[in-house]
1. Starting from the Cα of residue 123, draw a straight line to each of the lysines and keep only those under 20 Å, dropping any in the same chain fewer than 8 residues away.
2. Under the Karplus relation 6.51 cos²θ - 1.76 cosθ + 1.60, θ = phi - 60°, what is the ordered set of whole-Hz ³J(HN,Hα) values for segment 95-100, x standing for Gly and Pro?
3. Under a Cβ-Cβ cut-off of 13 Å, what is the net charge of the residues other than residue 183 that fall near it, where Lys and Arg count +1 and Asp and Glu count -1?
4. Just to confirm my numbers, what's the Cα centroid distance between segment 281-313 and segment 230-261 in Å?
5. Express the carbon and sulfur contribution to the solvent-accessible surface of segment 249-320 as a percent, rounded to the nearest whole number, probe 1.4 angstrom.
6. Can you work out ³J(HN,Hα) from phi for every residue in segment 156-169, in order, using Karplus 6.51 cos²θ - 1.76 cosθ + 1.60 and θ = phi - 60°, giving whole Hz and x for Gly and Pro?
7. In the structure shown, do any of 34/242; 78/233; 175/224; 34/239; 78/175 have a Cα-Cα gap over 24 Å, and if so which?
8. Applying the Karplus parametrisation 6.51 cos²θ - 1.76 cosθ + 1.60 with θ = phi - 60° to the phi angles of segment 256-265, what ³J(HN,Hα) value in whole Hz is obtained for each residue in order, glycine and proline being reported as x?
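The values are calculated or read from the model by the stated rules, or taken from the named source; none is laboratory data. Predicted model, so just to flag it, every value in this text is computed and none were measured. No Cβ is skipped: glycine too gets one built from the backbone with ideal geometry, and neighbour counts run over all protein chains shown. The accessibility values were calculated without ligands, DNA or RNA, using every heavy atom of the protein model including side chains. Shrake-Rupley method; radii C 1.70, N 1.55, O 1.52, S 1.80 Å.
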Amino acid sequence: MSSSTGNSSTTSQRPAPRFLDRVEDSAQITTGTKIQVWGGPETGKSHDAYENLPRPLIVVDSDVSAGLFNDDRFEGFKRLGPDTVPDLETLVAFLNEFTTDPRWYRSYKSLLIDSLTQFVDPKVAQLGIDNSSAAPAANVDELQGAARSRALAEQGRAQADWARIAKELTWLIRKVSALGVHVYVVAEERTQFVGNRPGEGEQGAKSSLSPKKFTHAFDLILQKTSRTDVVVKKTRYRKWGKDQRLAGFSARRDLSPILQGAEQKAAGLDGFDPATAGHEELMELLRTLGSDAKGGKIPLAEMRRYLAVATNNELAEPEVRRTIAEVKRAYAAADTRAA
């Protein structure tokens with residue numbers, strides 16, 4: 001009798017299931033598109049985003065340009081200004097919160113960062129690792145002895161700090177996308193960096209945010225040379241090729257179908273989300289050389305082994321780069337000698 005009472009008490013105190021009603025079918029799992037658009041001023045980089053990004057939209061407005069798009073031409077959006085997200089470290093903190101709190105990633109379909117350059121350039125200048133900045137940097141080649149050692153150590157620490165932040169930022173961009181949210185990043189092409197702010201005019205080197213930074217995080221990178229002229233710097237989609245020039249570009253016609261999921265990715269790239277630049281470089285090399293089953297250079301069995309490396313995000317970049325060197329020695333170098 002007492003045993004029965006005890007079981008009844010245990011059953012009544014059992015907590016209600018927390019996970020049963022939250023199971024998702026695989027058909028419900030979606031991945032957001034990761035896009036970077038960069039170029040000079042007045043080329044429509046931000047306009048294309050406000051016009052075409054699916055809503056609800058949250059904007060990290062470091063460029064203080066959201067007010068230009070707050071009218072009847074565009075659907076509404078929510079904004080975090082530079083007073084809330086003033087620097088790169090705070091941007092990383094926000095993205096961490098966004099990807100861990102479902103109140104964020106279940107509430108928005110798109111995230112716009114406008115612009116990443118406003119975050120990256122001041123940080124790079126602060127660390128003194130960019131020649132285009134006005135931050136003081138020692139000319140190591142002119143130093144000797146202890147001074148040279150100190151300068152090298154300082155540069156090493158700065159590079160390590162920058163690498164850590166860049167790695168975390170790219171990982172978070174990929175994580176936002178994995179949660180089904182589109183990520184659209186604006187980057188600016190500038191020519192001068194004065195103190196802690198990028199300047200204007202043709203008075204110096206290009207901005208520290210080149211199109212080569214953070215590239216493996218994105219599915220599509222477009223360089224806008226005017227409002228209607230575009231160079232495709234990188235694409236994982238079938239509709240365009242790398243370095244293809246597009247005249248008469250219209251984001252509503254050409255970019256919106258990608259954001260709506262109507263454009264297919266190239267063969268072998270659907271679901272490919274490389275953890276490092278090395279993973280992406282290996283995949284591009286394999287696609288260029290091809291397998292012998294389709295008239296390429298690499299035997300099919302070896303191609304499968306190499307593809308397993310390119311798609312294994314658990315592998316550290318040095319290990320992936322050893323595979324890149326192996327492929328180049330065995331197949332790319334042989335191809336060069338034959339030519």
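1. 167, 206, 212, 213
2. Once rounded to whole Hz, the list reads 5, 4, 5, 4, 7, 10.
3. Overall, the nearby charge balance is +1.
4. 26
5. Details: 1840 of 3810 Å².
Answer for segment 249-320: carbon and sulfur cover 48 percent of the accessible area.
6. x, 5, 5, 4, 5, 4, 5, 4, 5, 5, 4, 5, 5, 5
7. 78/233; 175/224
8. Karplus values, whole Hz, x for Gly and Pro: 4, x, 5, 5, 8, x, 8, 9, 7, 7.
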